[in-house]
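Where a number appears in this text, it was derived from the coordinates with a stated rule and is not lab data. Everything quoted here is computed from the prediction, not taken from an experiment. Counting neighbours? That spans all protein chains shown, and the Cβs are built from the backbone with ideal geometry, glycine included.
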Amino acid sequence: MKLVLPPDYIAQATELVRIAQTRVFLIAMVVADHPATHDLIEALEDAAKRGVSVTVTADIFTYGEVSGGFLPIRYYSPGVKEVNLMVKRLKAAGVKFQWLGRGHVTLLNGRTHSKWCVVDDTCFVFGGVNMYQGGVAENIDYMFRLQNNRLADRLGYEQGRIVKAERASTNYPSVTYELEGNSVLIDGGIIAHSVIYRRATELAKEASHILFVSQYCPTGKLARIFKKKNISLYFNRPEQATSLNKALIILSMFTSGFKTLYKKDRYLHAKFIIFTMEDGSRVAITGSHNFAYTGVLFGTREIALETSDPKIISQLESFYKKNIA
């Protein structure tokens, strides 16, 4: 597994899509044809035209993000026209495109927050990069790249499962499965049920030190455990956020009493925790989950990796030292 920064992720995925042989699966909360993502969107169209099976799935939250708002209901705001044109082009090329979340009227309930891109057997996953200008060119974030046909098969299956659940207006229980000594954690969107958040609380109870990185201040049971631990907390300052994000950070800081160590200007969108145990061993969770209880309460769909692999944890530490500390 290799950690890649957002521009490298897009560049590498684009090159792979251009030579794809059989399949491409792309899912993100936000997908838009912006300068930072244009080459990839174009490559997806070309791949579908030459007969590659291309599936793209995005949340209607995209509409709010590209129109300068937060709510995913401003379908006729500036920026939305370009997104609709992108979808028409993709579908005309033969891409199987699906919007998620149309049947959910609340802001957070039913949101699909998972992110991955599969090209043949290459997977980009276990990070938080959204496919639009801000997500690629402005945010502090990453994805992991790995070659694994079993994971590629599983992610394709999960994407189909999400689409099927969306059509039936249902969700499914969270699941955990083994991947070469690591654990893949998937939240299926059931309200107040998150295997990722639950596992984070279990590890936090046993840890002697915790390095926490997220766009949001931790909340809920995890925050209560953190108060009793030796912790290093990095999340965005309120002035770095806008709209509801800003309000959420202010409220969570007020209720928890936590302060952030994050001092840099770029918006922090990466999400991982490194737990150091009493015996010196370390475990990390990395993925799409923000580790805030709000997402758990409203049932967001998420994906993460739990790992004790020193090589993976070392990459997370290097990313932290270079981009966050």
So which lysines pass the test for Lys81, namely a Cα distance under 25 Å, with those fewer than 8 places away in the same chain ruled out? Lys49, Lys91, Lys96, Lys115
Taking amide H positions as placed in the peptide plane 1.01 Å from N, state which residues far from His209 in sequence (5 or more) or on other chains have amide H under 5 Å from it. Thr276
Considering amide H positions built from the backbone, and no H for Pro or chain starts, which residues 5 or more places from Phe97, or on another chain, come under 5 Å of its amide H? Val56
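Rg to Rh for region 2-167: what is it, with Cα atoms only and Rh by Kirkwood? Don't jump to the answer; show the numbers that get you there.
On the way: Rg = 14.6 Å, Rh = 15.7 Å.
The Rg/Rh ratio comes out at 0.93.
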Return the aspartates and glutamates within reach of Lys164: Cα separation strictly under 18 angstrom, same-chain partners fewer than 8 residues apart disregarded; answer none if there are no such residues. Asp59, Asp153, Asp187, Glu302
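Could you list Lys322, Lys81 so that the one with the fewest beta carbons within 10 Å of its beta carbon is first and the one with the most is last? Could the numbers behind the result be given before it?
Details: Lys322 9, Lys81 13.
Neighbour counts put them in this order, fewest first: Lys322, Lys81.
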Kindly write out, for region 43-58 in residue order, the coupling ³J(HN,Hα) from the Karplus curve 6.51 cos²θ - 1.76 cosθ + 1.60 (θ = phi - 60°), rounded to whole Hz, with x marking Gly and Pro. 5, 5, 4, 4, 5, 5, 5, 8, x, 6, 6, 10, 10, 10, 10, 9
Within-12-Å neighbourhood charge of Val87 [Cβ basis; K, R +1; D, E -1]: +2
Any lysines whose Cα falls less than 26 Å from that of Lys259, other than same-chain ones fewer than 8 residues away, would be Lys205, Lys221, Lys227, Lys228, Lys229, Lys246, Lys271, Lys321, Lys322
Using a 10 Å cut-off around each Cβ, can you sort Arg282, Arg150, Arg161, Arg301 from fewest to most neighbouring Cβ atoms? Arg150, Arg161, Arg282, Arg301
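Over all alpha-carbon pairs in the chain, figure out the percentage whose distance exceeds 33 Å. Walk me through the numbers before you get to the answer.
Numbers: 10287 of 52650 pairs.
Taking all Cα-Cα pairs of the chain, the fraction more than 33 Å apart is 20 percent.
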Using alpha carbons only, how many degrees (0 to 90, rounded to 10) separate the axis of helix 243-256 from the longest principal axis of the chain? 20
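Counting Lys and Arg as +1 and Asp and Glu as -1, what is the net charge of the other residues whose Cβ lies under 14 Å from the Cβ of Thr276? Could the numbers behind the result be given before it?
Details: positive: Lys205, Lys229, Arg282; negative: Glu206, Glu278, Asp279, Glu317.
My count for the surroundings of Thr276 gives -1.
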Could you go through region 178-195 in sequence order and give the Karplus-derived ³J(HN,Hα) for each residue, using 6.51 cos²θ - 1.76 cosθ + 1.60 with θ = phi - 60°, rounded to whole Hz, and x for Gly and Pro? 7, 9, 6, x, 10, 10, 8, 10, 10, 8, x, x, 6, 4, 6, 10, 9, 5
Can you work out ³J(HN,Hα) from phi for every residue in region 2-17, in order, using Karplus 6.51 cos²θ - 1.76 cosθ + 1.60 and θ = phi - 60°, giving whole Hz and x for Gly and Pro? 10, 6, 10, 6, x, x, 5, 4, 5, 5, 5, 4, 4, 4, 5, 5
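Quick check: net charge around Ala325, other residues with Cβ under 10 Å of its Cβ, Lys/Arg +1 and Asp/Glu -1? Can you show the working numbers first?
On the way: positive: Lys263, Lys264, Lys321, Lys322; negative: Glu317.
Cβ neighbours under 10 Å give a net charge of +3.
How would you rank Glu45, Glu206, Glu317, going from fewest to most other Cβ atoms within 10 Å of each one's own Cβ? Walk me through the intermediate numbers first.
Details: Glu45 20, Glu206 11, Glu317 17.
Sorted ascending by nearby Cβ count, the order is Glu206, Glu317, Glu45.
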Rounded to 5, percent antiparallel among DSSP beta bridges of the chain: 65
Diffusion constant of region 150-306 at 10 °C, which comes from Stokes-Einstein with the Kirkwood Cα-pair radius and 1.306 mPa s, µm²/s: 97
